[in-house]
Amino acid sequence: MQPGHSAAIGVATVVLALALWALFTTAIPWIDTARFPAPADVWAALTQITVQGYADARLWRHVAQSSVLVLTGFATACTVGVALGLAMGWSRRAEALLNPVFLLLRPIPPLAWIPLAIVWLGLGDAAKVLVIFMAAFVPAVINTYTGVRAMEPQIVEASSMLGARGPRFVREVLVPAAAPHIFTGLRLSLQASWTTLVAAELVGALYGLGQVLNNAAQDIYPGMILVGMVFVGLCGGLMTAVLGWVERRAMPWRAA
Amino acid sequence: MSARSGQAPLPRFEATGLWLAGLGGFFGLWTLVALSGAVSAQFLPSPWAVVERFGELARTPFVGHTIQEHLVSSIGRYLAGFGLAAMIGVPLGLMMGWFRGLDDAVTPLFEAIRFVAPIAWVPFAALWFGTGIGGPVLIIFMGAFPPALINAYRGAKFVEPRLIEAGRMLGASDLRMITQVLLPASVPSIVAGLRISAGLGWQSLVGAELIVASSGIGYLMVKGQSAISTATVMCGMIAIGVVGYAIDALLRAVEAHIHRRRGRNAR
């Protein structure tokens with residue numbers, strides 16, 4: 001099989017799917033456009049939200065709102081989570097002390113924190129950051145912990161023989177050794193943060209992509225629903241890509 | 001070796017002591033703050049008040065049902081969504097692993113759909129299927145489907161080539177190759193995928209019920225939230241955590257069982 005063959009089939013399917021979509025919503029109206037939008041509806045919705053705005057703001061304002069919240073919650077959770085994971089992985093005492101509470105909270109899915117956050121902090125930004133924190137925290141801790149535990153004893157022995165201790169040991173031995181696992185955790189954390197934020201915004205928010213989806217659902221505006229979904233996907237994908245880039249920069253020794 | 005001292009296993013009494021100290025600290029702090037009156041009981045009930053509330057929810061209906069009935073309707077939806085995801089995802093994954101053309105055709109569409117968080121399907125779920133069973137089931141399906149498909153696909157792709165060659169030589173048809181060679185060979189991968197599916201499906205269910213449902217544990221929590229009853233919300237969180245944990249434990253046991261049996265057969 002030629003190398004370009006698979007890609008050609010892929011492109012052909014996507015083009016075919018788009019053509020069928022256009023065909024069945026406009027020329028042969030098998031799909032009810034009150035339930036799934038035609039391409040023209042999506043285009044109209046996209047121009048409306050970028051030019052006039054929808055759900056009280058323009059698109060960039062919603063995107064910025066959601067992104068800033070995710071990054072705030074994610075960064076806080078990762079700082080605390082990685083530090084805690086390093087401590088629990090390194091010291092049996094810290095593990096014995098912290099693990100029971102952690103095991104108790106861990107089975108609660110991130111989305112289940114949303115009602116509690118709203119009761120405590122209302123519909124504003126603080127509640128969103130709390131929920132994102134809860135979502136991102138668990139994978140960050142678990143994977144960092146696993147990374148430290150998976151360290152080869154020789155590395156620890158060699159570094160201690162060479163006199164690395166204290167902050168220098170953490171910075172130059174512990175963190176780099178656990179880095180692959182830490183980044184796995186961060187990737188899971190980021191995905192969980194994004195999903196959780198969208199859910200929290202759907203439950204109640206003033207701005208944000210979830211709020212766009214919510215308004216579009218109430219207005220029964222399928223074109224806008226699809227625009228909202230596409231941007232949820234794009235932003236999530238973009239953030240993951242940026243994290244992947246950071247990962248490659250942070251661990252040049254792993255580059256293929 | 002001073003640097004390794006932190007890694008040495010603790011004496012049992014010390015480990016138990018620290019465990020108890022951790023748990024005691026958590027519940028102690030909670031009780032202390034709740035009883036001190038610094039935060040009103042409506043926002044932070046004591047652990048004991050949450051347990052009492054749980055008993056109340058089990059005896060008297062809240063928003064139409066007792067907590068057991070809410071749990072039953074959640075689990076019903078969950079099984080429907082997860083079942084559909086497994087029934088479609090696993091065969092499709094195996095077929096994609098076998099037919100190259102299908103793989104090339106489906107992968108770009110699948111990747112595009114997978115990009116969107118399951119919860120973002122909420123508006124369409126409500127519009128297409130309403131808030132009874134259908135809406136939440138679609139969202140659970142969207143959460144549980146990708147890992148089911150991906151792991152079946154990977155399982156099929158990494159089947160030992162000599163098994164495939166033997167099957168081909170013996171003249172097995174495509175259907176028999178998939179059901180009698182690829183499927184049994186990929187069982188461990190499929191089960192691992194279903195475990196991830198089950199977890200993501202359960203999470204998606206919670207999200208779905210917070211937004212598009214008229215019964216279920218998520219619905220109970222949202223109603224508790226609007227009634228500003230923190231104890232009710234916490235009861236919902238506990239119920240969700242316990243059931244989620246039980247589902248995972250069950251599938252872990254299935255996984256362990258399969259690995260044990262495989263180990264025996266291989267010998």
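Annotations
- Nearest-20 debye value, segment B:121-267 charge dipole, Cβ charges on Lys, Arg, Asp, Glu: 660
- The distance from the alpha carbon centre of segment A:54-125 to that of segment A:140-206 is 15 Å, rounded to a whole number.
- Segment B:1-114 shape via C-alpha gyration tensor axes, a/c threshold 1.5: oblate
- Shielding by partners, peptide B:105-116 (average Cβ within 10 angstrom, other chains): 5
- Placing unit charges on each Cβ (+1 for Lys and Arg, -1 for Asp and Glu) gives the protein assembly as shown a dipole about its Cα centre, and among A:23, B:54, A:229 the Cα reaching farthest toward its positive end belongs to B:54.
- Inter-label distance, residue A:16 to residue B:75: 4.3 nm, where each label sits 7 Å from its Cα along the C-beta direction.
- Ratio Rg/Rh [Cα only; Rh per Kirkwood] for chain B: 1.09
- Across peptide B:206-214, the average count of Cβ atoms from other chains found within 10 Å of a residue's Cβ is 5.
- Ratio Rg/Rh [Cα only; Rh per Kirkwood] for chain A: 1.09
- Coarse-grained scattering of segment B:119-267 at q = 0.12, 0.17, 0.20 Å⁻¹, given as base-10 log I(q)/I(0) from a Debye sum over alpha-carbon atoms: -0.66, -0.97, -1.15
- Cα centroid separation, segment B:101-120 to segment B:199-267 (Å): 26
- Residues A:224, A:88, sorted so that the one with the fewest Cβ neighbours within 10 Å comes first: A:88, A:224
- At R0 = 51 Å, FRET efficiency that the Cβ-Cβ distance of residue B:249 and residue A:58 yields, to 0.05: 0.60
- For segment A:1-123: rounded, prolate or oblate by the Cα gyration tensor [a/c cutoff 1.5]: prolate
- Mean ellipticity per residue at 222 nm, deg cm²/dmol - from DSSP H runs of n ≥ 4 across chain B, formula -39500 (n - 2.57): -25500 deg cm²/dmol
- Mean projected area (nm²) of the alpha-carbon convex hull when the protein assembly as shown is viewed from all directions: 29.8
- Computed magnitude of the charge dipole of chain A (debye, nearest 20; Cβ of K, R +1, Cβ of D, E -1): 760
- Relative contact order (%) - criterion: Cα under 8 Å, at least six apart; region: chain B: 23
- Residue order for B:230, B:31, fewest other beta carbons within 10 angstrom first, comes to B:31, B:230.
- Segment A:122-249: relative contact order as a whole-number percent, Cα under 8 Å and 6+ apart: 29
- Degrees between helix A:222-250 axis and first principal axis of chain A (Cα, 0 to 90, nearest 10): 30
- Relative exposure of B:178, A:225, judged by other C-beta atoms within 10 Å (fewest first): B:178, A:225
- Cleavage-rule hits, chymotrypsin sites (Phe, Trp or Tyr not before Pro), segment B:18-96, DSSP coil, Cβ neighbours within 10 Å at most 16: B:43
- Other protein chain Cβ atoms within 10 Å, averaged over every residue that makes up A:4-16: 4
All of the numbers you see were taken from the coordinates with simple rules; none came from a lab. Given the structure is predicted, the values throughout are model-derived calculations rather than measurements. Backbone-built Cβ (ideal geometry, glycine too); neighbour counts: all protein chains shown.
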